[in-house]
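Just below is one structure, and these are the notes that go with it.
The values are calculated or read from the model by the stated rules, or taken from the named source; none is laboratory data. None of these values were measured; they are calculated from a predicted model. Cβ coordinates were reconstructed from backbone atoms using ideal geometry, including for glycine residues, and neighbour counts include every protein chain displayed. To get the accessible areas, we keep the full protein, side chains included, count just its heavy atoms, and leave off ligands, DNA and RNA. Shrake-Rupley method; radii C 1.70, N 1.55, O 1.52, S 1.80 Å.
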Amino acid sequence: MRAPTLDLTLLRTLVAIADTGSVTAAAKRLAYTQSTVSMQLQRLEAQLSLTLHEREGRRIRFTSEGERLLNHARRLLALNDDAWSDMQARQVTGDLTLGIPEDYASLLPSVFAYFHQLYPAVGLKVICGTSAHLVEQVKAKELDLALVTRQRNSPGGDVIRREPLVWAVGMNRQPLLSDPLPLALYSPGADVFREVAEQALQSAGRSWRVAYTSQSMAGLAPIVTAGLAIVVVTRSMLNPALRPLEESSGLPALPMIELALHRAPHRPSEPARRLGELIREQLAVPEQAL
């Protein structure tokens, strides 16, 4: 004898009640009326010939049978949602070009892997460059998207996350912190880190000298890890070869910087829209976690 089929719509209502704690809140989440939510819960109980809930004032308490069904419901809905997303995702095709500074590439491997898993028919091309240049390429429609450090002279874009900047030195070696401070700085125009560092030192009345310049952290790292210079990085850019300087170092505090996602000035393609959503979802973190 074939077993009856559970109604996923009713199970979704059950989960919404469990997550929100009341029929009223579940109705708001599902965009139903309260009477519809109550009716669906009753239908589910009638189908199973079981009592799944008890009322405690305005709140709902599930019986042991209700708790058991809730565990099944979450698994069934997760499988349904995964299957739906997979079937829809494989209909997305086309080409997509993303621009990022080289130093942010380490933030995105999991994003790229997951995006390819979801949308295997999309051809993704990634171009590295300075934040300022990438923004110009987006404006010129040469790139679909660019994840960059938000520029002071060209803010724009949607802010994805904010990160604190820190002074960093080699894990095992560091220079003397007396003036003039030896700095490893990004090349002029490569990013806002250089401007921020120089303004902070100038405001604090400190003097400095440029010991090394490069377009990326990969070029700055050797002289910093050798203990010959100080560098400015975000906390997410720290690695086992670098350590941040504490406030007791006497160096001035540095501000937060913003990572922004820029989109080409036309209606985004479906691949661009979905990659943008994925980047926002994966990279957004609470500031207190940084």
>> What does the net charge come to around Asp158 if you take all other residues with beta carbon closer than 12 Å to its beta carbon, with K and R at +1 and D and E at -1?
In response: +2
> Taking every pair of alpha-carbon atoms in the chain, what share in percent sits in each 10 Å bin, from 0 to the bin with the longest distance?
Replying inline: 6, 22, 21, 17, 15, 12, 6, 1, 0
> Around Cys128, what is the net charge, scoring Lys/Arg as +1 and Asp/Glu as -1 over all other residues with Cβ under 12 Å from its Cβ?
Replying inline: -1
> Of Leu245, His262, Ser214, whose Cα points farthest to the positive end of the dipole of region 214-286 (charges on the beta-carbon: +1 Lys, Arg; -1 Asp, Glu; origin at the Cα centre)?
Replying inline: His262
>> Less than 14 Å Cβ to Cβ from Ser214, Lys/Arg counted +1 and Asp/Glu -1: what total charge do the surrounding residues give?
In response: -2
> From the Cα gyration tensor of region 43-140, with a ≥ b ≥ c the square roots of its eigenvalues, which class applies: rounded if a/c is under 1.5, or else prolate if a/b is larger than b/c, or else oblate?
Replying inline: prolate
>> Could you work out what % of the accessible surface of region 124-223 is carbon and sulfur, using a 1.4 angstrom probe and leaving DNA, RNA and ligands out of the count?
In response: 49
> Which lysines have a Cα less than 24 Å from the Cα of Lys125, not counting those fewer than 8 places away in the same chain?
Replying inline: Lys139, Lys141
> What percent do you get for the relative contact order of region 20-177 when only Cα pairs under 8 Å and 6+ apart count?
Replying inline: 15
> Any idea what the dipole of the chain comes to, in debye rounded to 20, about its Cα centre with Lys/Arg Cβ at +1 and Asp/Glu Cβ at -1?
Replying inline: 500
> Is the shape of region 204-251 best called rounded, prolate or oblate, per the rule: a/c under 1.5 gives rounded, else a/b larger than b/c gives prolate, else oblate, with a ≥ b ≥ c the square roots of the Cα gyration tensor eigenvalues?
Replying inline: oblate
> Amide H to amide H, which residues 5 or more places from Val92 or on other chains are under 5 Å from it, using H placed in the peptide plane?
Replying inline: none
> Over all Cα pairs of region 7-82, how is the pair count split among 10 Å bins, expressed in % and running from 0 up to the last occupied bin?
Replying inline: 20, 58, 21, 1
> Given the rule -39500 (n - 2.57) for each run of at least 4 DSSP H residues, summed and divided by the residues of the chain, what is its mean residue ellipticity at 222 nm, to the nearest 500 deg cm²/dmol?
Replying inline: -12500 deg cm²/dmol
>> Over the chain, what is the relative contact order in percent, taking alpha-carbon pairs closer than 8 angstrom and at least six residues apart?
In response: 19
> Which whole-number value in Å² is the accessible area per residue of region 92-289, probe 1.4 Å?
Replying inline: 48
>> If you average the alpha carbon positions of region 164-239 and of region 45-82, how far apart do those two centres end up, in angstrom?
In response: 57
